[in-house]
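The values are calculated or read from the model by the stated rules, or taken from the named source; none is laboratory data. Predicted model, so just to flag it, every value in this text is computed and none were measured. Note that we place each Cβ from the backbone using ideal geometry, even for glycine, and neighbour counts take in every protein chain shown. Ligands, DNA and RNA are excluded from the accessible area calculation, which covers all protein heavy atoms including side chains. Shrake-Rupley method; radii C 1.70, N 1.55, O 1.52, S 1.80 Å.
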Amino acid sequence: MKCQKCDRPATFHITDLVDGEPSELHLCEECAQSFLAPSQEEAQDVMPAMAGLLAQHLAVGETADELARLDQRACPVCGITFLQFRKQGRLGCPHDYVFFEKELEPLLMSIHDQTQHVGKVPKRCPHGADQQTQLIRLRREMKEAVSSEEYERASEIRDKIREIEAGFREAKGE
Amino acid sequence: MTLDDLASTSGEWLRGSGPESDIVISSRIRLARNLADFPFISRATDADRAEIERILHGRVESLRTAGKAPAESLYLKVSELPEVDRQFLVERQLISREHAQSEGARAVVVDPSERFSVMINEEDHLRIQVMHSGLALNEAWEQATKLDDMIEEQVTYAYNERLGYLTACPTNTGTGVRVSVMLHLPALAITRQIEKVFKSLHKINLAVRGLYGEGSQATGDFYQISNQVTLGQTEEELAKKVADVVPVLIDYERQARSFLIENSQETLHDRVSRAFGILRTAQTISSEETMHLLSSVRMGINLGLIGDLAIPTVNKLLIHTQPAHLQKLSGVELDQADRNIERATYLRRHLNGESKGNVSHN
């Protein structure tokens, strides 16, 4: 049998799943290796799948204008826009789950069929970690202030950060 | 202990023992966790990543000093390792391919017996994974949750009362747990029933992946079965769902093996013997062909068709013939053609031993 991609003899017989359907591939060693080597896309295959899933849910009941507006919304803590999330399939910070709650709800529902956690609870911050989220925002704001040369504002933010961090150390009894 | 010491051993999950270890290679629990006061990796600057790595390194050190983490565990800065070492850790399943290839400061803590590893700055700030040989999900979960508690004493996790542990990808949020078992299912593949099995697993929301996880092909008939859902069920329930399906798959595989023995024993015996023959005599051989043939040999041993070879040896060969392992073991960098020759030499040396039929002139 000849390789399906070139004229060398096929020594690899691969069963691949395409849309859940098995399909047979007969390849020579060289073609098989390039086929089996994970491509960039394959290594990240969850992301397009997720983005597709998202797009599906957004298509329902959203006009193009609404979607465009939604895509521009940016998380005040980490600065990620909804469009960036849709493209990369990864969120930017814990606060995104709060800020994009309405948009994420149908997505979480379709992945997990549930939207209420029932498993393990951390001992340290069982009710969530809002103050820590503040730190992410303040550090980003401080960096922005420094880069736009607003040094006075930067130092005010730095003091706030120190205050919160000191509070944590106290709580930990350090 | 150093990374080079790992090369000559084969780690806990390849021990080839534990319940049902003829079919169940290993059981694994992975927990995804993030620090509450840093952005997720996709929005983290280089400085953030370096800071996360520095903080977590410090915490690991204090756990070691306190005698809670094994003193001889390895802390490896993955971003500073040469390519071959990163690939070696991937082949060993101690880090993911994504972790090996991504950018910025990142590290891994490796238990000397390879029962656990903790990846720092993978897709999430922390990926805690525990691996056991054979079917041992409960033991793996107990160890994983203990490790998680230990780390949580040192840091504050991103957590939300309603959604649980918050992760970079919404597919992991909630428990952040991935429960998986690696199965060797050659007879289901030969009898072409494997696709049917996959379809039914997908229907009950279980994912099937190849040996090296996401996006990898099922080489050598090794398959990883894992949960897809992580929210709305407890960790124990999620582990049970995977654990419940394993005996069914083992039973299918055993039935397929019996069917082959009863209906085409000569063909099966021939297939196994030829595979063994090629592995013992080849002068140059690719990694894929090796996996494919070792898979047949492994099944042959379990069916009593090959007498003088042990399962742990086959498990070891499966890993030691991977590209980075070969290079670590031989101590030199090899291109693909040279690796194929080195692999064949390695196989001949380990499979022929004292026995007759050794046609090697090396």
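For (1) open to solvent by 70 Å² or more (accessible area, probe 1.4 Å); (2) facing chain B (nearest Cβ under 7 Å); (3) among the aliphatic types (A, V, I, L, M), each residue gets a yes or a no:
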| position | (1), (2), (3) |
| --- | --- |
| A:Leu83 | no, no, yes |
| A:His112 | no, yes, no |
| A:Pro126 | no, no, no |
| A:Arg162 | yes, no, no |
Exactly one condition in (1) part of a helix (DSSP H, G or I); (2) in contact with a helix residue (DSSP H, G or I) (Cβ under 9 Å, 6 or more places away or on another chain); (3) surrounded by 15 or more Cβ atoms within 10 Å (Cβ to Cβ) is not met by A:Ser155; state its number.
(3)
Can you pull out every residue in region B:22-79 that is at pLDDT 95 or above, among the charged types (D, E, K, R) and either in contact with an Asp or Glu (Cβ under 7 Å, 6 or more places away or on another chain) or over 25 Å from B:Tyr159 (Cβ atoms) (or both)?
B:Arg33, B:Lys77
What are the residues in region B:36-55 that are aliphatic (A, V, I, L, M) and either in contact with a Phe, Trp or Tyr (Cβ under 7 Å, 6 or more places away or on another chain) or outside the structural domain of B:Glu122 (by TED's automatic domain parsing) (or both), if any?
B:Ala36, B:Ala44, B:Ile52
Of the conditions (1) more than 14 Å from every other protein chain (Cβ to nearest Cβ); (2) free of Cβ contacts under 8 Å to residues at least 60 places away in the same chain; (3) of a type outside the set (Asp, Glu), the single one that B:Ala100 does not satisfy is (1)
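Please verify whether B:Thr284 is open to solvent by 50 Å² or more (accessible area, probe 1.4 Å), closer than 27 Å to B:Arg92 by Cβ and either of a type in the set (Ser, Thr, Tyr) or touching a helix residue (DSSP H, G or I) at 6+ places or on another chain (Cβ under 7 Å) (or both), treating the condition exactly as stated.
Against the criterion (open to solvent by 50 Å² or more (accessible area, probe 1.4 Å), closer than 27 Å to B:Arg92 by Cβ and either of a type in the set (Ser, Thr, Tyr) or touching a helix residue (DSSP H, G or I) at 6+ places or on another chain (Cβ under 7 Å) (or both)), B:Thr284 qualifies.
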What's the number of the condition B:Ile194 fails, among (1) β-branched (Val, Ile, Thr); (2) over 26 Å from B:Asp48 (Cα atoms); (3) within 14 Å of chain A (Cβ to nearest Cβ); (4) under 15 Å from the mean Cα position of the chain (by Cα)?
(4)
Selection count, region B:116-151, where residues are open to solvent by less than 10 Å² (accessible area, probe 1.4 Å) and without any contact (Cβ under 8 Å) to a residue 24 or more places away in the chain:
1
Residue pairs within 8 Å by beta carbon, gap of at least six or interchain, first lying in region B:34-59 and among the polar types (S, T, N, Q), second in a helix (DSSP H, G or I) and crowded, with 17+ Cβ neighbours inside 10 Å, listed first then second, are B:Ser42/A:Gln88
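Looking at B:Glu80, is it out of contact with any Lys or Arg (no Cβ under 9 Å at 6 or more places or on another chain), acidic (Asp, Glu), closer than 23 Å to B:Thr175 by Cβ and open to solvent by 40 Å² or more (accessible area, probe 1.4 Å)?
no
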Please state which one of B:Ala207, B:Ala187, B:Ala168 is more than 11 Å from B:Leu31 (Cβ to Cβ) and assigned to a loop (DSSP other than H, G, I, E, B).
B:Ala168
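Could you tell me whether region B:329-337 includes any residue that is open to solvent by 50 Å² or more (accessible area, probe 1.4 Å), farther than 22 Å from B:Thr219 by Cβ, among the β-branched types (Val, Ile, Thr) and touching a residue at least 40 places away in the same chain (Cβ under 8 Å)?
no
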Among the residues of region B:174-188, are any of a type outside the set (A, V, I, L, M, F, W, C) and surrounded by fewer than 17 Cβ atoms within 10 Å (Cβ to Cβ)?
no
Taking region B:66-104 and keeping residues out of contact with any helix residue (DSSP H, G or I) (no Cβ under 7 Å at 6 or more places or on another chain), over 22 Å from B:Leu14 (Cα atoms) and either not in a helix (DSSP H, G or I) or not polar (S, T, N, Q) (or both) leaves B:Ala66, B:Gly67, B:Lys77, B:Glu80, B:Leu81, B:Pro82, B:Glu83, B:Ser102, B:Glu103
Between a residue in region B:155-177 that is in contact (Cβ under 8 Å) with a residue 12 or more places away in the chain and assigned by TED's automatic domain parsing to the domain that holds B:Glu51 and any residue that is of a type in the set (Phe, Trp, Tyr) and open to solvent by 10 Å² or more (accessible area, probe 1.4 Å), which pairs come within a Cβ distance under 7 Å, given they are 6 or more apart or on different chains?
B:Tyr165/B:Tyr159; B:Leu166/B:Tyr159
Testing B:Glu262 on (1) in a helix (DSSP H, G or I); (2) away from chain A (no Cβ under 13 Å); (3) more than 24 Å from B:Ser27 (Cα to Cα); (4) at pLDDT 95 or above, one condition comes back false. Which one is that?
(4)
Here are some conditions: (1) assigned to a loop (DSSP other than H, G, I, E, B); (2) at pLDDT below 95. B:Thr284 meets all but one. Which one does it not meet?
(2)
Index of the failed condition, A:Ser147 passing every other in (1) at the interface with another protein chain (Cβ under 10 Å from one of its Cβ atoms); (2) open to solvent by 80 Å² or more (accessible area, probe 1.4 Å):
(1)
Has region B:247-255 got any residue that is without any contact (Cβ under 8 Å) to a residue 60 or more places away in the chain and either of a type in the set (Gly, Ala, Ser) or within 14 Å of chain A (Cβ to nearest Cβ) (or both)?
no
Consider A:Val121 against the criteria (1) more than 7 Å from chain B (Cβ to nearest Cβ); (2) assigned to a helix (DSSP H, G or I); (3) β-branched (Val, Ile, Thr); (4) within 20 Å of B:Tyr165 (Cα to Cα): it satisfies all of them except one. Which criterion is unmet?
(2)
